[in-house]
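The values are calculated or read from the model by the stated rules, or taken from the named source; none is laboratory data. Computed from a prediction, not measured in an experiment: that's the story for all the values here. All Cβ positions, glycine included, derive from the backbone under ideal geometry; neighbour counts span all protein chains shown. Surface areas here come from the heavy atoms of the whole protein model, side chains and all, with no ligands, DNA or RNA. Shrake-Rupley method; radii C 1.70, N 1.55, O 1.52, S 1.80 Å.
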Amino acid sequence: MLQKNTQAAAAGTGSVDCAAYVGAEPEKVLGSVFGYDSFRPMQKEVISQVLSGKDTLAVMPTGGGKSLTYQIPALIFNGITVVISPLIALMQDQVSSLRENGVPAVFLNSSLDWNEYKDTVSDILSGAIKLVYVSPEGLATPKIQEILHGSMLPVCCFTIDEAHCISEWGHDFRPDYLSIHTVREQFPHAVCLALTATATAQVRNDIVKNLGLKDPAVLVASFNRSNIFLEVRAKHDAQQQVVDFLRAHETESGIIYCFSRKQVDQLYEYLHEQGFNVTNYHAGLPNETRTAHQESFLRDTVQIIVATVAFGMGINKPDVRFVIHYDMPKSLEQYYQEIGRAGRDGLPAHALLLYSAGDIHKIRYFFEESGDSRKAELLLQHMVQYASARTCRRRILLGYFGETLPDDGCTGCDICEAGPAPETDVTIPVQKLLSCIIRTGQRFGSAYVIDVLLGSRQQRIVDNGHTAISTWGIGRELERNDWFELVSCMLERGFIRKSSDYGVLSLTPLAREVLASREQITLPVQFSVRQGRSAQTPHDKPRVQAVLHKKKNDMLDSSDTEGMAILLELKAWRRKTADEQNVPPFVIFGDRTLIDIAVKKPRTQAELMHVYGIGEAKAGRFGSAILRIVRDTV
């Protein structure tokens with residue numbers, strides 16, 4: 001089991017002097033323990049609220065440093081911080097990382113054997129532990145409540161990670177989270193901190209209500225992950241599109257999300273045959289297989305993982321450089337959560353969505369399982385709007401969460417990088433589409449209207465008598481996807497509207513004027529090969545290089561040959577050290593720390609303390625090895 005032996009490590013081995021930090025200033029803990037010289041946006045505000053004893057809900061993007069907002073107070077408080085986390089893998093990663101920084105932390109879950117469990121409980125009861133990680137199911141058990149009541153240290157803080165799981169409006173509702181409120185009432189003097197990366201106003205209200213937060217501070221950070229390049233491509237040969245992308249991102253680690261288990265396995269087999277270092281993950285695999293595949297990805301023995309949404313929540317791997325959505329997610333919340341697994345270290349990352357109108361039908365097929373098909377349809381429509389947009393995707397994504405684009409504008413999306421698409425004369429196709437909507441009674445969605453234009457003899461079309469209307473079969477000059485492209489453009493320009501429940505198309509007054517006047521209509525459509533254009537034009541080619549250089553100051557200049565050599569040596573040393581300690585490489589150091597070492601080339605312990613992500617414990621533990629690598633390489 002991953003990191004199983006970390007629990008047995010003596011709390012005092014390489015640990016910080018916790019007593020020295022009780023009541024200390026947050027900045028002191030930030031630098032001395034974690035090795036950072038400044039807080040990220042909103043971290044200090046959240047920490048200040050928690051230290052003042054005020055219940056707090058903090059919405060911070062993935063990679064925004066949520067964990068420090070409770071880990072720093074945990075060292076400043078004189079008691080225990082209980083962290084409620086949904087996944088064993090996340091607990092293990094967090095505890096391993098804390099212990100590498102010298103912080104006494106443990107988890108209580110089913111991965112422990114009986115002796116490890118007894119030793120862990122003994123450490124908690126003796127007052128040797130500052131952070132205890134449990135699942136919501138575990139927290140509800142009388143045994144764990146008894147342990148918390150029996151500790152020599154008081155429970156000072158409850159932190160609920162992935163707090164959106166407590167809301168039925170959240171994208172991953174978990175009923176077990178509803179029991180947290182009753183346990184928390186047993187510790188009335190403990191402050192409560194709820195953390196999530198995605199929460200609309202409705203979800204935030206649910207979190208406050210269901211956790212029983214008392215007059216909480218509600219802090220919402222920017223949702224703008226400026227280091228992630230946002231791209232959507234029309235899906236035409238999806239497997240080959242993925243292969244082309246992966247070959248342009250050689251040596252990089254990434255996640256590919258698919259809609260179904262079958263698609264996961266098919267794509268995994270195809271990529272494996274193509275020679276990629278890849279594995280698969282979905283709920284249909286045995287537990288031990290899923291665990292092994294997840295470990296191989298976290299430990300960098302596998303570069304790419306193809307998965308369903310069963311994979312990813314709480315994954316703490318900071319160097320994921322890309323996320324591909326092979327199919328469209330069900331909501332923007334889900335999409336944002338999943339692309340947030342890329343670039344957690346703040347370095348450039350890429351989010352690619354392959355979009356086809358066929359994805360909409362697959363998602364709607366499962367609406368009856370959602371319990372609220374109208375809500376599911378509303379969430380889906382926002383996702384479709386984003387995927388089919390012809391204006392800045394970052395603006396649309398931020399707007400969904402109630403945020404406006406910063407003054408410095410878009411920091412990277414395919415629309416803005418490519419510039420405005422050329423306008424094409426589409427007068428005749430527009431007239432055909434509008435006429436077909438009218439002749440079918442303005443009672444159907446885009447898929448049905450397009451099927452009529454293409455001359456389909458589906459039973460429903462025959463039964464409705466629509467094979468006999470004048471617009472049946474008059475649209476065969478365009479591909480099916482081209483008609484969907486035209487519908488998207490016409491919706492954006494206000495020629496047609498779509499109902500929010502069933503996606504029924506109807507004409508606007510502008511459309512009726514256009515039909516009556518027969519004026520020329522130009523739109524920024526991008527039709528496929530049949531219209532004389534290649535399937536991928538210079539306008540919609542990925543602008544990868546732009547995003548790769550957006551954060552030059554955080555990257556190592558390739559002309560620095562000594563720095564590049566140091567980086568290679570550091571990565572080899574990190575892998576060897578991680579294997580020896582049975583932890584993922586990023587638990588030892590993230591890529592950003594290794595790059596900073598290669599750039600700064602420290603020669604002394606004092607200089608090493610100015611490197612990003614190196615605190616006192618890690619400097620003491622790994623300093624001599626790092627300085628030796630720098631000295632021997634330069």
Item checked: Helix axis angle, 427-439 relative to the chain longest principal axis, alpha carbon, degrees -> 90
Next item on the list: Rounded to the nearest Å, what's the spacing between the alpha carbon centres of the stretch 68-116 and the stretch 410-464? Just the number, please.
Entry: 53
Next item on the list: Starting from the Cα gyration tensor of the stretch 208-305, take the square roots of the eigenvalues, sort them a ≥ b ≥ c, and report rounded, prolate or oblate (rounded when a/c is under 1.5, otherwise prolate if a/b is larger than b/c, else oblate).
Entry: prolate
Check: Using a simple spin-label model with points 7 Å from Cα along the Cα→Cβ vector, what separation in nm is obtained for Thr141 and Arg476?
Finding: 6.7
Next item on the list: Give me the distance in nm between label points sitting 7 Å out from Cα along the Cα-to-Cβ direction at Asp425 and His236, one decimal.
Entry: 2.4
Margin query: Taking only Cα atoms of the chain, what ratio of Rg to Rh do you get with Rh as the Kirkwood inverse-distance radius?
Written below: 1.01
Notebook entry, point to check: What is the set of long-range amide H partners of Phe229 at a cut-off below 5 Å, with H atoms built 1.01 Å from backbone N?
Noted result: Ala349, His350, Ala351
Next item on the list: Report the local net charge at Gln431: Lys and Arg +1, Asp and Glu -1, summed over other residues whose C-beta lies under 14 Å from its C-beta.
Entry: 0
Margin query: I'd like the Kirkwood hydrodynamic radius of the stretch 254-355, using the inverse of the mean 1/r over distinct C-alpha pairs, in Å.
Written below: 13.6
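Based on the alpha-carbon gyration tensor of the stretch 168-220 and its eigenvalue square roots a ≥ b ≥ c, which shape applies: rounded if a/c is under 1.5, prolate if not and a/b is larger than b/c, or oblate?
It is oblate, given that a/c is not under 1.5 and a/b is not larger than b/c.
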Notebook entry, point to check: With the dipole of the chain worked out from charges on the C-beta (+1 for Lys and Arg, -1 for Asp and Glu) around the Cα centre, which of Pro318, Val264, Trp573 lies farthest toward the positive end?
Noted result: Val264
Margin query: When a/c reaches 1.5 or more, the comparison of a/b and b/c decides; with that in mind, is the stretch 128-169 rounded, prolate or oblate per its Cα gyration tensor?
Written below: prolate
Check: If each of Ala283 and Glu185 carries a label point 7 Å out from its Cα toward its Cβ, how far apart are those two points in nm?
Finding: 3.1
Next item on the list: Quantify, in whole percent, the carbon and sulfur part of the accessible surface of the chain (1.4 Å probe; protein heavy atoms only).
Entry: 50
Note to self: What does the extension gain come out to for Asp119 and Arg460, with contour length at 0.36 nm per residue minus their alpha carbon separation?
What the structure shows: 116.1 nm
Item checked: Environment charge of Pro318, counting only residues whose C-beta is closer than 9 Å and scoring Lys/Arg +1, Asp/Glu -1 -> 0
Check: Taking Lys498 as the anchor, which lysines have their alpha carbon closer than 27 Å to its alpha carbon, excluding any fewer than eight residues away along the same chain?
Finding: Lys235, Lys330, Lys362, Lys375, Lys432
Notebook entry, point to check: Could you give me the ³J(HN,Hα) list for the stretch 338-349, computed from phi with Karplus coefficients 6.51, -1.76, 1.60 and θ = phi - 60°, whole Hz, x at Gly and Pro?
Noted result: 6, 5, x, 7, 9, x, 5, 7, x, 7, x, 9
Check: Long-range amide H contacts for Val220: which residues qualify at under 5 Å (H placed 1.01 Å from N, peptide plane, sequence gap of 5 or more or a different chain)?
Finding: Val59
Checklist line | Mean separation of Cα contacts under 8 Å (6+ apart) over length of the chain, as relative contact order % | finding: 14
Note to self: Between Asp632 and Ala19, what's the calculated FRET efficiency when r is the beta-carbon distance and R0 is 22 Å? Round to 0.05.
What the structure shows: 0.05
Checklist line | Nonlocal amide H pairs with Thr424, under 5 Å, H built at 1.01 Å | finding: Leu523, Val525
Checklist line | Angle in degrees between helix 114-126 and the longest Cα principal axis of the chain, rounded to the nearest 10 | finding: 70
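Largest first and in whole Å, what are the equivalent-ellipsoid semi-axes of the stretch 379-451 based on the Cα gyration tensor, each being the root of 5 times an eigenvalue?
Ellipsoid semi-axes (Å, largest first): 31, 17, 8.
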